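Take a look at the structure below.
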Amino acid sequence: MAAASPRVSTPYPGIIFLGPPGAGKGTQAARLADTLKLPRISTGDMLRDAIASETPLGKQAGPLMEKGGLVPDDLLITLITERISRQDCRDGYILDGFPRTIGQAKGFEEMLGGNGANAFVVFNVEVPREELLRRLSGRRWCPKCQATFHVINNPPKHDLKCDRCGTQLIQREDDKETVVTRRLRDYDERTAPLISYYDHHSRFHTINGYRPADTVFSDLRGILEAVR
Ligand code: AP5
């Protein structure tokens, strides 16, 4: 656990997305971030950036992520504590991929201070396993701006070029079949227990993610309207 974390509070609740790999957390978090004008904090993207920039964090995370394993809790808590302390998070933030273990959830609450449990809304996005596999195998990703597409569900407009910045899209290394198996196993063993950890929380909402992205998004909007 991170030592002596600064306490952070915002006037609006933070938003946490829980769900297995491929559930659509990133897709929905990005849309909410655009609409609500809040920062989307994707720990997966931050770690991939750290790997690309060959930072000390990237050097530790790289070999673990390549095999589909989770990065240690203390590194993630330090990363999030620093990120949420920044000025752009003062009105709220959207967490995509954190917390992912009970240890991270506890570290996060400690960081938020005494009122931590009221400081966020949790969306638990559920999607059947066969659909997760279809989504992950068809996902294509922009290594420059990190936009996400799908070869069938959400294809880019031109060949395999990013609609936003024109960069050639690629398949994420961890979307290859053997790595996906490990990621799903880690989800079951280490992240799924967060559902029972949070389900007593007054702002915990399970969302059926096996519907068109627009439908899922309007549900999320409706819930957020009611809690703000
Ligand atoms: P991360 O990048 O966070 O991956 P993930 O959680 O496994 O989630 P994904 O990005 O795979 O899926 P998603 O739910 O965001 O789905 P998406 O919207 O892209 O983490 C990667 C790695 O980093 C981890 O394995 C771990 O090693 C490390 N890491 C990160 N955070 C960590 C932490 N806190 N602790 C420890 N380690 C950590 O959608 C998927 C596809 O489906 C896309 O192609 C999309 O277009 C399509 N799609 C989306 N919604 C729909 C829909 N409604 N209908 C049809 N298709 C859809």
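The values are calculated or read from the model by the stated rules, or taken from the named source; none is laboratory data. All figures in this text were calculated on a predicted structure; none of them were measured in a lab. With ligands, DNA and RNA removed, areas are computed over all heavy atoms of the protein, side chains included. Shrake-Rupley method; radii C 1.70, N 1.55, O 1.52, S 1.80 Å.
Could you grab the relative contact order for the chain? Cα pairs under 8 Å, six or more apart, rounded to a whole percent.
Taking the mean separation of contacting Cα pairs over the length of the chain, I get 29 percent.
Sorting Met111, Met65 by accessible area (1.4 Å probe), largest first, what list results?
Met65, Met111
Of all beta bridges DSSP finds with both residues in the chain, what is the antiparallel percent, to the nearest 5?
Among the beta bridges of the chain, antiparallel pairing accounts for roughly 25 percent.
Please compute one quarter of the surface area of the Cα convex hull for the range 67-112 and express it in square nanometres.
Mean projected area of the Cα convex hull: 3.4 nm².
Quick check: Cα centre of the range 171-228 to Cα centre of the range 29-85, how many Å?
17 Å
Percent of accessible area on the chain owned by carbon and sulfur, 1.4 Å probe?
Carbon with sulfur: 51 percent of the solvent-accessible area.
Going from the alpha-carbon gyration tensor of the chain, what semi-axes, largest first and in whole Å, does one get by taking the root of 5 times each eigenvalue?
26, 21, 18
Over the range 116-166, what number does the Rg to Rh ratio reach, with both radii from the alpha-carbon atoms and Rh per Kirkwood?
That ratio equals 1.15.
What accessible surface, in Å², does a 1.4 Å probe find on Thr78, ignoring ligands, DNA and RNA and rounding to the nearest 10?
Near enough 80 Å² of accessible area.
Excluding ligands, DNA and RNA, what is the solvent-accessible area per residue of the chain at a probe of 1.4 Å, expressed in Å²?
Result: 50 Å² per residue.
Whenever you get a sec, line up Arg134, Arg48 from highest to lowest accessible area (probe 1.4 Å, protein heavy atoms).
These residues rank, largest area first, as Arg134, Arg48.
Restricting to Cα atoms and excluding each atom paired with itself, what does the Kirkwood estimate give for the range 111-212 in Å?
16.0 Å
How much accessible surface does Tyr210 have with a 1.4 Å probe, in Å² rounded to 10?
Per-residue accessible area (Tyr210): approximately 110 Å².
Using 0.36 nm per residue of separation minus the Cα-Cα distance, give me the extension gain between Ile170 and Arg185 in nm, one decimal.
This chain segment gains 3.0 nm when fully extended.
Calculated from DSSP H runs of 4 or more alone, at -39500 (n - 2.57) each and per residue, what is the 222 nm mean residue ellipticity of the chain, nearest 500?
Calculated from helices alone, the mean residue ellipticity at 222 nm is -13000 deg cm²/dmol.
Lysines within cross-link reach of Lys59: Cα-Cα under 16 Å, excluding same-chain residues under 8 positions apart?
Lys67
Can you tell me the Rg and the Dmax, both Å, for the Cα atoms in the range 148-202?
Values for the range 148-202 (Cα only, Rg and Dmax): 16.7, 46 Å.
Report the gain in length on full extension from His200 to Ile102: 0.36 nm times residue separation, minus Cα-Cα distance, nm rounded to one decimal.
Difference between extended and current length: 33.8 nm.
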